[in-house]
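See below for the structure under consideration.
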Amino acid sequence: MGGALIRCYLLQPREGDPLVENARQAGASIAYAEDDQRYRVLSNMIASANIVIDALYGIGVKLPLRDDAAKLLRAAAAALNDQSETPPLINPTAESRRSTRPYVLAVDCPSGLDCNTGDLDRFTLNADETLTFIGVKPGLLTFPGAAAVGELRFSHLGIPANMPELRSEKRFLVDGDDVQARLPSRPVDAHKGTFGSVLIVGGSGHYMGAPALAAKGAYAVGAGLVTIAAPAPITSALAPSMLETTWLPLPAHNERENVVIDASASEIVTDYIKQVDALVIGCGIGTHSSTEAFFFILLAHLKEQAHPTVILDADALNMLSSRSAWWNLLPSNTILTPHPGEMGRLCGLSTADVQKNRLELAGEKSAAWQCVVVLKGAHTSIAEPTGRVAILPHKVPALAKAGTGDTLAGMIAGIASAGTNPFDAAICGAYLHASAGIKAMQHINPRSVLASDLA
């Protein structure tokens, strides 16, 4: 046991159980709940522990918990709360966030979490980390249960790769090694054309910064060249602060105090896209009728092309949702990047209904719409038409800010521009985006992280 002091606390007697006997022979001390009516032994164990392993219940739990199990978890939760302190608002560190509370590792799922629905028993222990096995359970990714999971890790538990029906590879948790294997290589003899060209079509008087954030995201992941196509007054305003970006000024339509892309701009953009590898449409573009006409003319042109990869974000999704059978308008190699509200509009569902059924909905709609769907949020889900769904292990509240979605769209485009297929580009872009948010939180209070801190 590596020199650690191991103590086991069991809900029910298990005398004669070989696993218990093996633990005892290895030096672990064993305590039973029936001998600890006031849970003083349990409380003392937790108070003196560095790590608490929660392995009381797994996937078969029925809520609410009752009788001895409920009492035990209530006592354990109280003991853990006694060890907790409120983290400081200013510049919290890992040490101050954890304080003296033991690190809680849940085995398969936190006890008291319904792995199908995400419902929680009131005394479920909040884990710092959950190690789940064989298949990724929906309840681990669905709130309120997801809030009790902490950092989510996955193990195939020795199930061989040639048994995919048991490994549940239709849904898989993404890790850094997986992303590294999917990212395009960076040969030493490369030139900017090697890494592709990205065109970002967006911007309006009310949302001038959105295409700029997307451009920063594309460059941050290695795009060779990024061009912004926006109303001419906006390109003139942004150009002095974005020295690496090239520009495609578009005819503007002036509407009161707003400036939007005019419908006549479609000819300029359709001619330019012959030379790009990835195209982002929607960041800050608005939904004015003139812009809407431009958007659908552009989509009709792209529908006839096998190239480039097309990422539709923000108001591009809102304009799509206004049309019946809009999925028939999508070009091949399309990636949609909706947040839950936009996904709801695309599906005709409420945001709450989307959040209750994220995994199934992403996979189902990706197949129905024949495109890659990136359903953003805690545990972003990336689905492809074959039914595979990649799931990020991250919950990054710092990303709940205006502009972070624009940065993500640019990151996905930057990776796709180097020739990466849409599914892999979406996985890598989403993972790097979340990782950038986590890194920013290590240096900036999570309340204060901005989209411009990510790239």
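Please report the antiparallel percentage of the DSSP beta bridges confined to the chain, to the nearest 5. Approximately 20 percent, going by the DSSP bridge assignments. Please report the net charge: other residues with Cβ closer than 9 Å to the Cβ of ALA416, K and R +1, D and E -1. Net of charged neighbours comes to -2.
For every helix of n ≥ 4 consecutive DSSP H residues, a contribution of -39,500 (n - 2.57) applies; sum these over the chain, divide by its total residues, and give [θ] at 222 nm rounded to the nearest 500 deg cm²/dmol. Mind dumping the intermediate values first?
Values: 16 runs with 157 residues, N = 455.
Estimated from H runs of four or more residues: -10000 deg cm²/dmol.
Evaluated at q = 0.17, 0.21 Å⁻¹, the base-10 log of the normalised Debye intensity for region 1-76, with identical point scatterers placed on the Cα atoms, takes the values -0.73, -1.09.
For HIS156 and ALA367, what does the FRET efficiency come to when R0 = 25 Å and r is the distance between their Cβ atoms, rounded to the nearest 0.05? Kindly include the intermediate steps, with their values, before the conclusion.
Values: r = 25 Å, r/R0 = 0.99.
The pair HIS156/ALA367 has a calculated efficiency of 0.50.
Which far-off residues, 5 or more places away or on another chain, put their amide H under 5 Å from the one on TYR103, with H placed in the peptide plane? Those qualifying (amide H under 5 Å, at least 5 residues apart or on another chain) are ILE51, VAL52. Coupling constants for region 433-438 follow from the phi torsions by the Karplus curve (6.51 cos²θ - 1.76 cosθ + 1.60, θ = phi - 60°), and in residue order they are 4, 5, 5, 5, x, 5 Hz; glycine and proline get x. Tell me the net charge near GLY437. Cut-off is 11 Å between Cβ atoms, GLY437 excluded, with +1 for each Lys or Arg and -1 for each Asp or Glu. So the surrounding residues net to +2.
What does the charge add up to near MET343, with Lys and Arg as +1, Asp and Glu as -1, over the other residues with Cβ less than 11 Å from its Cβ?
Working: positive: ARG345, ARG358, LYS365, LYS376; negative: GLU342, ASP353.
Its environment carries a net charge of +2.
Each principal axis of the Cα atoms in region 179-453 has its own extent, and those three values, largest first, are 47, 42, 38 angstrom. If the chain linking SER241 and GLU15 were pulled fully straight, counting 0.36 nm for each residue of separation and taking away their Cα-Cα distance, it would gain 74.2 nm.
Using θ = phi - 60° in the Karplus curve 6.51 cos²θ - 1.76 cosθ + 1.60, the 3J(HN,Hα) couplings for region 213-220 round to 5, 5, 5, 4, x, 5, 5, 5 Hz; x is entered for Gly and Pro.
What fraction, in whole percent, of alpha-carbon pairs in region 372-428 exceed 13 Å separation? Please list the in-between numbers first.
Details: 983 of 1596 pairs.
Pairs farther apart than 13 Å: 62 percent.
Ratio of Rg to Rh for region 203-273: 0.97 [Cα atoms; Kirkwood radius as inverse mean 1/r over pairs].
Residues whose amide H lies under 5 Å from that of LEU248, counting only those 5 or more places away or on a different chain, are ILE228, ALA229, ALA230; hydrogens are built 1.01 Å from N in the peptide plane.
Panel order for MET208, MET319, by other beta carbons found within 10 Å of each beta carbon, from fewest to most: MET208, MET319. Under the combined filter of DSSP loop state and at most 16 neighbouring Cβ atoms within 10 Å, region 326-415 retains none of its GluC sites (Glu not before Pro).
We did not get these values from a lab; they are worked out from the coordinates using the rules stated. Just so it is clear, the model here is predicted, and its values are computed rather than measured. Virtual Cβ from ideal backbone geometry, glycine too; neighbours counted across all protein chains shown.
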